[in-house]
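The values are calculated or read from the model by the stated rules, or taken from the named source; none is laboratory data. Note that the structure is a prediction, hence the values are computed from the model and not measured. For neighbour counting, all protein chains shown are included, and Cβ atoms are generated from backbone atoms with ideal geometry for every residue, glycine included.
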Amino acid sequence: MKKLHLLLIKSFIRPFLVTFMIVMFVLLMLFLWKYIDDLIGKGFEWYVILELMLYASATNVAMALPLSVLLSSIMTYGSLGENYELVAIKSAGISLTRAVAPMFVVVIFLSVAAFFFSDYMLPKANLKYYSLLYDAREQKSANFLPEGVFSNSFPDFTIRVDRKDEDGQTLHGLTIYKKTTNNDPAYVLKAKTGKMYRSNDNRFLVIEMEDGIRYEERPGGNNFNPNPRQILTRFRFKSAQNKLDLTGLAFKRTDENGFKGAFQMMDRRLLQDTMKRIGHFIDSSGRVNLPLLTAYIKYYNIPTKSDAVKTYAKYKAGVMAYGTNPQKANYVTNALSEARSIHDLMRVRADRMDELVKNMRSAYAQYQVKFTLSVSCIALFLIGAPMGAIIRKGGLGLPVVISVIFFLLFYIIKTIGEKAAHEGNMSGIAGAWISIFVITPVGIFLSYKAATDSALFDMEYYKRFFDKLFKRNKDDTV
């Protein structure tokens, strides 16, 4: 039995590692395809993009791990069935349940590791990933001088380039407008050709210009003898150099503390503390609302009946039955004023209460998600192992198709449930666990069919079944 268990575990570990790497690579390519426009052409160092890809890979584990378990389990038992190794195992008196047991233990260890990863590593990876991605998307393009456009990327300068060569550094038809500063006057510079490159310390963009002309205006006179007339200076040059400061355009990192308030960046204990704090805010808001409204409620003391008075005037319902018309108008004005005051007061507090309740639901849903990753690995294994034993096909053909279908169904239900839980349309437990509740009965059903050697995908079986059914209906009609 130990040799058989070792054989089954080895046959599962190899395809699991291969499929996990393949799925991670595909998800990473999808990430690059999605954010390629935000990363290319902004002058990032290679290690910044590599760091972002590393954090993106860590965040993709939550999707890649369940899919890898499903696909590798189908491939493993499909290969065993295709090579008649399952038949040999069953002929030796070993049931399918006992054959699945060693791999089930391995999946349990994977599920425990997935839980700790989801609780400890994933929040940190999300914090690094989203903060770095935000900074990368906010970074200005490194194409400071696009063709045929007046660029204002540099302070105090407006630059236009008519055409660039394929190397991206040789410029043609260069025009530079320099704005007036405290010490330097404004000027206009035009050059036929030029070349741009970064300085060695990466602080300046150097533009070397050739065959150009510069126009500059200065005020006439001096401080003691001012002259309202301007002095225009024009001079030609064979070569000139201009340095543009890149300090304000360098890649800067935002403080990560600004992103720690998101629930995806919190572990299980921090989510519990957040829910307690939000619950205290909700309770305190509910206790404060009643005293605020009490100030607008009017109480009147009505004297008791007197023995000396024998008859009383009948009370006319409604305050509008008493007083003159100006007094009645005053009643309405006062009532409307108090109603508006109450409405304005409670509207702000109601919006705040709705936000607190929504945050409480989102935090609770995210807390439940910490457990669903590990359980989803077990649930998908219960589908993959019997499915592979039933289809009896290994490799990357039919198992990939079947696993993708089941995983898409699982992922769509999971996404819809979590979104409904965050929006308050479904409870946190139901929204986070609905995908598990749906696929687990399917896994139990497939396990039963595989244990009883059911021909679930045998077309001849279904053909014979429908032939018997139609023949029976025909005999009944006759």
Quiz prompt | Complete set of residues in the stretch 323-337 that are part of a helix (DSSP H, G or I) and loosely packed, with under 13 Cβ neighbours inside 10 Å | solution = ASN325, PRO326, GLN327, ALA329, ASN330, VAL332, THR333, ASN334, ALA335, LEU336, SER337
Self-check item: Scope the stretch 60-89; condition in contact (Cβ under 8 Å) with a residue 60 or more places away in the chain and surrounded by fewer than 21 Cβ atoms within 10 Å (Cβ to Cβ); matching residues
Solution: ALA62, MET63, SER79, GLY81, GLU82, ASN83, ILE89
Quiz item: Applying the selection to the stretch 259-283, what residues are outside any helix (DSSP H, G or I) and small (Gly, Ala, Ser)?
Solution: GLY261, ALA262
Self-check item: Every residue from the stretch 196-209 that is part of a strand (DSSP E or B) and either surrounded by fewer than 15 Cβ atoms within 10 Å (Cβ to Cβ) or not assigned by TED's automatic domain parsing to the domain that holds PHE154 (or both)
Solution: TYR197, ARG198, VAL206
Quiz prompt | Number of positions in the stretch 162-192 that are part of a strand (DSSP E or B) and under 20 Å from GLU216 (Cα atoms) | solution = 12
Exercise. Only residues that are more than 16 Å from ILE213 (Cβ to Cβ) and among the β-branched types (Val, Ile, Thr): list them for the stretch 170-196, please.
Key: THR170, THR180, THR181
Quiz item: Scanning for something surrounded by fewer than 22 Cβ atoms within 10 Å (Cβ to Cβ), at pLDDT below 75 and out of contact with any Phe, Trp or Tyr (no Cβ under 9 Å at 6 or more places or on another chain), does the stretch 406-427 turn up at least one residue?
Solution: yes
Practice problem: Tell me, yes or no, whether the stretch 250-258 has at least one residue that is surrounded by 15 or more Cβ atoms within 10 Å (Cβ to Cβ), in contact with a Phe, Trp or Tyr (Cβ under 9 Å, 6 or more places away or on another chain) and modelled with pLDDT of 80 or more. | Solution: no
